[in-house]
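Asks: Mind having a look at this structure? Questions to follow.
The values are calculated or read from the model by the stated rules, or taken from the named source; none is laboratory data. Remember, it's a predicted structure, so these values are computed and weren't measured experimentally. Heads up, the Cβs are rebuilt from the backbone with ideal geometry, glycines too, and the neighbour counts pull from every protein chain shown.
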Amino acid sequence: MAAIQSTMLPLGTVAPAFDLPDTITGMHKTLQDLRGQQGTLVLFICNHCPYVVHVKEQLIAIAKQYAPQGISSIAISANDSEQYVEDAPDKMQQLMAAWGNPFAAYLYDESQSVAKAYQAACTPDIYLFDAELACVYRGRLDGATPKNDVPVTGAELRNALDNLLAGKPISDEQIPSIGCNIKWKTV
């Protein structure tokens, strides 16, 4: 389990558009289809990553808590499912059923072009965009990892979400997420 940091998309960057298959419904979904009225949370995750598994309860809780407040949570997996079969679309659908389908969609980025457009590097890699789709937060959920005893609270992301919803400034002092690298395809 080699840990790497997220690359930190520049704040203010407009969310890159996408059109990807949703493993929950089988339909293609775009950013415009899924964006939230107050903000959009984009989470690069995968099924098997121990870092994602470690924080999954908070990811689920945050998606459910903030959806009624106009925040849409979109999960995307970009892992090479030929090399990592546990991250294949059918397994993604099964995982979301087990998690209670908390996200607006769990999209599969087979070409990995969306992950590259977002400069995603690890799982989980977390991005929060405002109502105009400008990046206002990117970084970690909180300080918890499978390798430390820090409680999983989601405090840093929750603070950014609360400030966004309250119209308050979000500090630009943000800490990169740490997780497993995205499993890039080899050419």
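Asks: Suppose we filter region 98-118 for residues that are of a type outside the set (Phe, Trp, Tyr), in contact (Cβ under 8 Å) with a residue 24 or more places away in the chain and farther than 13 Å from Asp22 by Cα; how many remain?
Replies: Total meeting the criteria: 6.
Asks: Test each condition in (1) in contact with a Lys or Arg (Cβ under 8 Å, 6 or more places away or on another chain); (2) closer than 27 Å to Ser171 by Cα for Lys64 and report the one that comes out false.
Replies: Result: Lys64 fails condition (1) only.
To keep it simple, each residue is scored yes or no on (1) within 13 Å of the chain's Cα centre (by Cα); (2) of a type in the set (A, V, I, L, M); (3) modelled with pLDDT of 95 or more.
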| position | (1), (2), (3) |
| --- | --- |
| Met92 | no, yes, yes |
| Ala104 | yes, yes, yes |
| Glu110 | no, no, yes |
| Ser113 | no, no, yes |
| Lys116 | no, no, yes |
| Gln119 | yes, no, yes |
| Pro124 | yes, no, yes |
| Tyr127 | yes, no, yes |
| Glu132 | no, no, yes |
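Asks: For Ala67, all conditions in the list (1) assigned to a helix (DSSP H, G or I); (2) closer than 17 Å to Ala160 by Cβ; (3) under 14 Å from the mean Cα position of the chain (by Cα) hold save one; what is the number of the exception?
Replies: Looking at each condition in turn, Ala67 falls short on (3).
Asks: Report the residue count in region 132-164 for those that are closer than 29 Å to Gln32 by Cβ and surrounded by 15 or more Cβ atoms within 10 Å (Cβ to Cβ).
Replies: 17
Asks: Further question on the same structure: Output yes when any residue across region 33-46 is farther than 21 Å from Asn159 by Cβ, crowded, with 16+ Cβ neighbours inside 10 Å and within 13 Å of the chain's Cα centre (by Cα), and no when none is.
Replies: Yes, region 33-46 contains at least one residue that is farther than 21 Å from Asn159 by Cβ, crowded, with 16+ Cβ neighbours inside 10 Å and within 13 Å of the chain's Cα centre (by Cα).
Asks: Conditions first: (1) closer than 26 Å to Trp184 by Cα; (2) assigned to a helix (DSSP H, G or I). Ser111 passes all but one, so which condition is the exception?
Replies: The number of the failed condition is (2).
Asks: Would you confirm, using the coordinates I've provided, whether Val136 is more than 12 Å from the chain's Cα centre (by Cα) and part of a strand (DSSP E or B)?
Replies: yes
Asks: What residue, of Val85, Val55, is farther than 22 Å from Leu34 by Cα, buried (at least 23 other Cβ atoms within 10 Å of the Cβ) and of a type outside the set (Gly, Ala, Ser)?
Replies: Val55
Asks: Checking Lys185 against (1) surrounded by fewer than 19 Cβ atoms within 10 Å (Cβ to Cβ); (2) closer than 20 Å to Thr7 by Cα; (3) modelled with pLDDT of 95 or more, only one condition comes out false. Which one?
Replies: Unmet for Lys185, out of (1) surrounded by fewer than 19 Cβ atoms within 10 Å (Cβ to Cβ); (2) closer than 20 Å to Thr7 by Cα; (3) modelled with pLDDT of 95 or more: (3).
Asks: State which residue is modelled with the lowest pLDDT when the search covers only region 2-40 and only residues that are among the small types (Gly, Ala, Ser) and touching an Asp or Glu at 6+ places or on another chain (Cβ under 6 Å).
Replies: Ser6
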